[in-house]
Amino acid sequence: MRIEDLVEAIRVLETDLPADVEGRLKGIRDRESGICKTVMEAILENVRYARERGVPMCQDTGILEFFVRCAHGHEEIRDKIAEAVRRATHEVPLRTNTVNPFTRENEGANLGRFQPIVHFEGRAKDENSIEMSIIAKGAGSENVSASFMLDPMQGVEGVKRAVVQAVQRAGAKPCPPVVVGVGVGGNLERSAHFAKKALLRPLDEENPNRDLAELEEELVERVNALGIGPMGLGGDNTTIGVLVEWGHCHTASLPVSVNIQCWALRRISLEWRCGEFRILR
């Protein structure tokens with residue numbers, strides 16, 4: 001795995017929106033009218049400009065989070081990721097976002113204690129290959145994300161209420177139309193991981209669980225019915241998609257996390273196989 005490949009992937013991540021996300025934004029532009037349509041046209045112009053000029057599409061280039069599948073070499077991979085983030089900070093460039101939470105001191109390279117965030121998620125399909133997904137998450141949307149420890153008696157309806165409540169409380173702060181990642185089960189921290197990981201699934205890829213696919217569709221309807229609309233200006237479209245990930249949990253718990261993502265869902269998937277590097281998007 002070459003550090004140069006990772007730096008290039010981060011550059012693409014920050015400057016070029018995935019086709020499925022851009023397609024959903026175009027669909028909303030075509031369905032909206034008045035000021036909401038104008039806002040969507042401005043968003044799409046921003047996407048085009050960033051791609052053509054090779055500049056980050058948002059001034060908040062976010063915190064980078066890496067999801068890695070590999071058989072071995074975890075520490076070496078972690079070190080290469082950190083070096084790639086350091087280089088990308090100066091070469092892309094990225095805004096220096098990581099600070100000491102107590103002193104607010106900024107070390108200047110998007111590194112620091114437990115940064116970057118790297119999850120090792122098991123083995124890749126090929127034992128000698130490395131598979132990786134990266135997501136960039138800005139503070140405007142991360143700050144309005146939420147976790148709930150529900151009474152299990154609330155069931156699926158409780159999950160639905162938690163999602164709608166989180167989006168309603170967020171309002172215009174996360175720059176809608178948003179993408180909503182929902183994590184159900186596990187425990188407190190695991191549900192938050194599920195919610196972030198859910199955002200990696202392409203918007204045009206249906207949930208393989210039919211019941212969850214129907215739940216996602218219903219949640220899109222409920223969220224859109226809030227009337228927040230593009231950039232909080234009203235309209236019919238508050239979300240471009242709701243994505244659910246889940247795991248088993250304690251019999252007496254129902255953990256739910258809602259990770260709200262702004263319209264700029266910056267994610268990318270990569271692989272190194274037989275010495276060759278590919279960006280998969």
The chain: longest stretch without exposed GluC sites (Glu not before Pro) (DSSP loop, at most 16 other Cβ within 10 Å), sites themselves excluded? 1-104
The chain, Gaussian network, Cα under 10 Å: of A82, A124, A146, the residue fluctuating most is A124
Measuring from the lowest to the highest alpha carbon on each principal axis, how far does the stretch 140-261 reach, largest first, in angstroms? 42, 27, 23
Distances longer than 15 Å among the Cα atoms of the stretch 1-55: what percent of all pairs is that? 55 percent
Extension gain, Q168 back to N100 (0.36 nm per residue minus Cα-Cα distance, nm): 21.4 nm
Can you tell me the relative contact order of the stretch 100-183? Whole percent, Cα pairs under 8 Å, sequence separation 6 or more. 26 percent
The summed charge of the R123 Cβ neighbourhood (under 15 Å; Lys/Arg +1, Asp/Glu -1) stands at -2
Cysteines without a disulfide-compatible partner [the chain; Cβ-Cβ under 4.7 Å]: C36, C58, C70, C249, C274
May I ask you to work out the translational diffusion coefficient for the stretch 1-96 at 10 °C, viscosity 1.306 mPa s, via Stokes-Einstein with Rh from the Kirkwood sum over Cα pairs, reported in whole µm²/s? 105 µm²/s
When every alpha-carbon pair in the chain is counted, what percent end up more than 34 Å apart? 19 percent
Once you have the Cα-Cα distance between L150 and F114, take 0.36 nm times their residue separation minus that, and quote the gain in nm to one decimal. 10.0 nm
Given Cα pairs under 8 Å that are at least 6 residues apart, what percent is the relative contact order of the chain? 25 percent
Student exercise, the chain dipole from Lys, Arg, Asp, Glu Cβ charges, in Debye to nearest 20: 500 debye
Exposure proxy order (Cβ contacts within 10 Å, fewest to most) of H119, H248: H248, H119
Gain in span if fully extended, R210 to N143, counting 0.36 nm per residue against the direct Cα distance: 21.0 nm
At a 10 Å Cβ-Cβ cut-off, how would you order S133, S147, S191, S33, fewest neighbours first? S33, S147, S133, S191
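Bear in mind these aren't lab numbers, they're just calculated from the coordinates by the rules spelled out. Bear in mind that the values here come from a model prediction, so they are computed numbers and not experimental data. We place every Cβ from the backbone using ideal geometry, glycine too, and count neighbours over all the protein chains shown.
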